[in-house]
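The values are calculated or read from the model by the stated rules, or taken from the named source; none is laboratory data. This is a predicted model, so every value here is computed, not measured. Using ideal geometry, Cβ is built from the backbone for each residue, glycine included, and neighbour counts are taken over all protein chains shown. Remember, those area values only see protein heavy atoms, side chains included, never the ligands or the DNA or RNA. Shrake-Rupley method; radii C 1.70, N 1.55, O 1.52, S 1.80 Å.
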Amino acid sequence: MLKDTDIKKVIRQHAEIENFFTGGFAVKGQGSAAESAEDVQVAEEKAVELEKLACEIRQCCKCGLGSTRTNAVPGQGNPNARIVFIGEAPGADEDAQGLPFVGRAGKLLDKIIAAMGLKRSEVLIANILKCRPPDNRDPKPDEIISCLPHLRRQLEIIDPEIIVALGAHAAKTLLDTNKPIGQLRGKIHQYCPDPDSPPIKLIATYHPAYLLRSYSPENRRKVWEDMKVVLAELNLPIPEYGKK
Ligand code: SF4
């Protein structure tokens with residue numbers, strides 16, 4: 001039988017999850033964005049490099065998707081971001097606008113970021129593939145091989161402290177594994193771009209599009225738990241919940 005304290009804990013956890021996905025947190029400003037003059041200068045230099053790379057991506061035709069896309073979607077966000085969210089590939093809305101995560105899944109990702117006490121402008125959002133696969137089919141191995149250097153270069157420029165891999169494709173690609181997302185999520189991994197570069201911490205979680213399809217309390221709880229691991233790794237406070 002549950003004790004009073006256990007029941008309160010369950011109620012609190014449930015409320016916490018609900019607030020996490022409805023944007024009801026009383027978010028304490030914590031700012032992961034760069035603020036010192038030196039950081040601003042570094043951010044400007046990174047922004048220039050990222051924009052040069054984005055121009056290359058917009059002209060890239062290294063795989064067949066270059067001829068079927070409307071717009072390439074290089075990525076968006078803070079060049080000095082401590083956290084980089086990486087999804088699978090652009091969908092129809094992203095292809096139309098040239099921006100990542102702007103459809104329904106993007107709106108949910110925005111809520112997740114806000115619930116973490118952050119702004120979308122403080123993180124960077126990108127995908128493994130920079131162009132939309134027709135009919136939102138899964139990325140093909142040859143497309144991933146062709147496109148991955150773009151993402152590697154982005155990560156090299158940004159030099160984030162942690163990567164959040166959204167969904168199985170991003171997690172499996174970056175971790176070079178075939179393990180299912182259910183086994184990969186919930187713990188810190190190391191993304192190793194190459195033997196000469198320092199590894200970057202990586203946590204895998206469910207893709208927002210999957211969450212929209214399977215919007216169960218259990219799945220929401222798991223994503224919230226994953227994001228709490230991210231905040232803890234960055235020594236950022238976990239926002240208090242409660243209606244503003
Ligand atoms: S998906 Fe990547 S490799 Fe293929 S055309 Fe687009 S940018 Fe180039």
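Here's the yes/no breakdown for (1) surrounded by fewer than 21 Cβ atoms within 10 Å (Cβ to Cβ); (2) modelled with pLDDT of 95 or more:
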site	(1), (2)
150	no, yes
182	yes, yes
190	yes, yes
223	no, yes
242	yes, no
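Tell me, please, whether a residue that is away from the ligand (no atom under 16 Å from the Cβ) and open to solvent by 80 Å² or more (accessible area, probe 1.4 Å) can be found in the range 164-171.
no
With the requirement that a residue be hydrophobic (A, V, I, L, M, F, W, C), within 9 Å of the ligand (Cβ to nearest atom) and touching a residue at least 60 places away in the same chain (Cβ under 8 Å), what does the range 50-64 give you?
57, 60, 63
Output the qualifying pairs, or none if there are none: Cβ atoms under 7 angstrom, residues six or more apart or on different chains, first residue in the range 65-88 and within 22 Å of residue 175 (Cα to Cα), second residue among the acidic types (Asp, Glu) and open to solvent by 10 Å² or more (accessible area, probe 1.4 Å).
81/122; 82/161
Mind checking which residues of the range 87-96 are more than 14 Å from the ligand (Cβ to nearest atom) and either buried (at least 23 other Cβ atoms within 10 Å of the Cβ) or acidic (Asp, Glu) (or both)? Steps first, answer last, please.
Within the range 87-96, the first condition is being more than 14 Å from the ligand (Cβ to nearest atom), and the residues that meet it are 92-93, 96.
Scanning the range 87-96 gives a single hit, 93.
Hey, among the residues in the range 102-123 that are within 21 Å of residue 50 (Cα to Cα) and open to solvent by 10 Å² or more (accessible area, probe 1.4 Å), which one's farthest from the ligand (Cβ to nearest atom)?
If we take residues in the range 102-123 being within 21 Å of residue 50 (Cα to Cα) and open to solvent by 10 Å² or more (accessible area, probe 1.4 Å), then 119 is farthest from the ligand (Cβ to nearest atom).
Which condition from (1) in contact (Cβ under 8 Å) with a residue 24 or more places away in the chain; (2) surrounded by fewer than 17 Cβ atoms within 10 Å (Cβ to Cβ); (3) of a type in the set (Asp, Glu) is the one that residue 143 breaks?
Failed condition: (2).
Inspect the range 35-49 for any residue being at pLDDT below 95, out of contact with any helix residue (DSSP H, G or I) (no Cβ under 6 Å at 6 or more places or on another chain), away from the ligand (no atom under 16 Å from the Cβ) and assigned to a loop (DSSP other than H, G, I, E, B) and give the result as yes or no.
Yes, because at least one residue in the range 35-49 is at pLDDT below 95, out of contact with any helix residue (DSSP H, G or I) (no Cβ under 6 Å at 6 or more places or on another chain), away from the ligand (no atom under 16 Å from the Cβ) and assigned to a loop (DSSP other than H, G, I, E, B).
Do you know which residues across the range 198-214 are open to solvent by 30 Å² or more (accessible area, probe 1.4 Å), under 24 Å from residue 232 (Cα atoms) and either touching a residue at least 24 places away in the same chain (Cβ under 8 Å) or touching a His at 6+ places or on another chain (Cβ under 8 Å) (or both)?
If the condition is that a residue be open to solvent by 30 Å² or more (accessible area, probe 1.4 Å), under 24 Å from residue 232 (Cα atoms) and either touching a residue at least 24 places away in the same chain (Cβ under 8 Å) or touching a His at 6+ places or on another chain (Cβ under 8 Å) (or both), then 201, 207 are the ones that fit.
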